[in-house]
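Just so you know, all these numbers are worked out from the coordinates, no wet-lab data involved. Being a predicted model, the structure only gives us computed values, none of them experimental. So basically every Cβ, Gly included, is an ideal-geometry build from the backbone, and we count neighbours across all protein chains shown.
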């Protein structure tokens with residue numbers, strides 16, 4: 001019986017895939033463009049910068065209004 005893998009949730013937990021990461025990043029870029037950022041500036045950002053900007057969307061919209 002394989003009780004060791006059944007009881008150890010870390011061994012049966014699904015792993016994060018690269019394809020899923022690309023889908024998440026693409027959705028986050030689309031969300032930033034819909035908030036008002038330009039497509040060129042979003043394309044230059046790293047993935048961790050995307051997440052940092054999306055953590056406070058109201059602050060981002062206000063900063064973009066001041067900048068424009």
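Below is a table of values for the structure above.
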read-out	value
Segment 18-67: relative contact order in percent, alpha carbon pairs under 8 Å with at least 6 residues between	37 percent
The chain, helix-only ellipticity at 222 nm - DSSP H runs n ≥ 4, -39,500 (n - 2.57), divided by all residues, nearest 500	-20500 deg cm²/dmol
Projected label distance in nm at residue 17 and residue 62, using a 7 Å step from Cα toward the beta-carbon	4.1 nm
0 to 90° range, to nearest 10: angle between helix 57-67 axis and the chain longest Cα axis	30 degrees
Label assignment, Kirkwood radius over Cα pairs in Å derived from the structure, set (1) 18.0; (2) 13.3; (3) 14.4	(3)
